[in-house]
1. Hey, fewest Cβ within 10 Å first, where do HIS230, HIS70, HIS184 land in order?
2. Spin-label point model (7 Å from Cα, Cβ direction): what's the ASN120 to SER193 distance in nm?
3. Nearest 20 debye, what's the magnitude of the dipole of the range 4-217 about its Cα centre given +1 on Lys and Arg Cβ and -1 on Asp and Glu Cβ?
4. Order of SER135, SER42, SER58, SER193 from fewest to most other C-beta atoms within 10 Å?
5. Only Cα pairs within less than 10 Å get springs; with that Gaussian network setup on the chain, which residue of ILE186, ILE88, ILE194 has the largest fluctuation?
6. Only counting other Cβ atoms within 10 Å, I'd like LEU65, LEU197 sorted with the fewest neighbours first.
7. Provide the three semi-axes, in whole Å and in decreasing order, of the ellipsoid equivalent to the range 100-231 as defined by the square roots of 5 times the Cα gyration tensor eigenvalues.
8. Charges at C-beta only: +1 for Lys and Arg, -1 for Asp and Glu. How large is the resulting dipole of the range 132-231 about its Cα centre, in Debye rounded to 20?
Amino acid sequence: MTTTADYKTLAERASAELANATAEEALRWTAETFGDDFIVASNMQDAVLVDLVTKVKSDVDVLFLETGYHFAETIGTRDAVATVYPDIRIVNAQADQSVAEQDAEYGPKLHERDPGLCCNLRKVVPLRKTLANYSAWVTGVRRVDAPTRANTPIVTWDDRNGLVKINPIAPWTDDEFNDYIAEHGILQNPLVSIGYLSIGCAPCTAKVEPGQDPRSGRWAGQSKTECGLHG
Ligand code: SF4
């Protein structure tokens, strides 16, 4: 039986061996190493990562954090992705409480008063519970996303959640990313075309003016910049 310590050692070795791997090489290694025992995270801003993964394994689990606060367009994109990639299995990770139950316990609009707690209840905890069922997860984090992500490795050990984390497009520039979407006709959330460049929950996502940092539209006006998912 493979233990946590074994996976940690595996991640450390792969981190060095795959430091300069292409996205396809990293994903091929993931599929060969973990089989069905990994999940691919998607915020349904686009289907780039799902498209890349399904080229090496069509029947993967795709994790969507169903916070109860998403734009209708994001839910529509999730459903469209499930149609375009029919072999994938969408795993909707939900909080223990519905939004209404959370409002009853903490008061309405917790996201305005304590977004850290709201994200913890609706994203961090459901993510951790879902990831406990797998030995590895794949994310679409890129180094250009934010200064906090500048050193993101392609393979690493995720100490917080206790599993291997693969970031196959970590080195991609915005041009490489947008070229992939254009060349392969990849599904995108329709909100992107009207100025939402980093899409999260509706109450915490704003449009971004041309030339501004894409993530400036997340928790605009607050000091918070990350959900706490990729720390
Ligand atoms: S992004 Fe906003 S609404 Fe969504 S979980 Fe975090 S604080 Fe709550």
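1. Working: HIS230 17, HIS70 21, HIS184 13.
By the 10 Å Cβ count, ascending: HIS184, HIS230, HIS70.
2. Taking the two extended label points, one gets 4.1 nm.
3. Values: 20 positive and 32 negative charges, 91 e Å.
Approximately 440 debye in magnitude.
4. Numbers: SER135 19, SER42 24, SER58 11, SER193 8.
Neighbour counts put them in this order, fewest first: SER193, SER58, SER135, SER42.
5. Comparing ILE186, ILE88, ILE194 in a Gaussian network model of the chain, the most mobile one is ILE194.
6. LEU197, LEU65
7. Each semi-axis is √(5λ); the values are 25, 22, 14 Å.
8. Working: 9 positive and 11 negative charges, 82 e Å.
Dipole size: approximately 400 debye.
FYI, it's all coordinate maths here, none of it is from the lab. Note that the structure is predicted; figures quoted are calculated from it, not measured. Because the Cβ atoms are built from the backbone with ideal geometry, glycine has one as well, and the counts that use them run over all protein chains shown.
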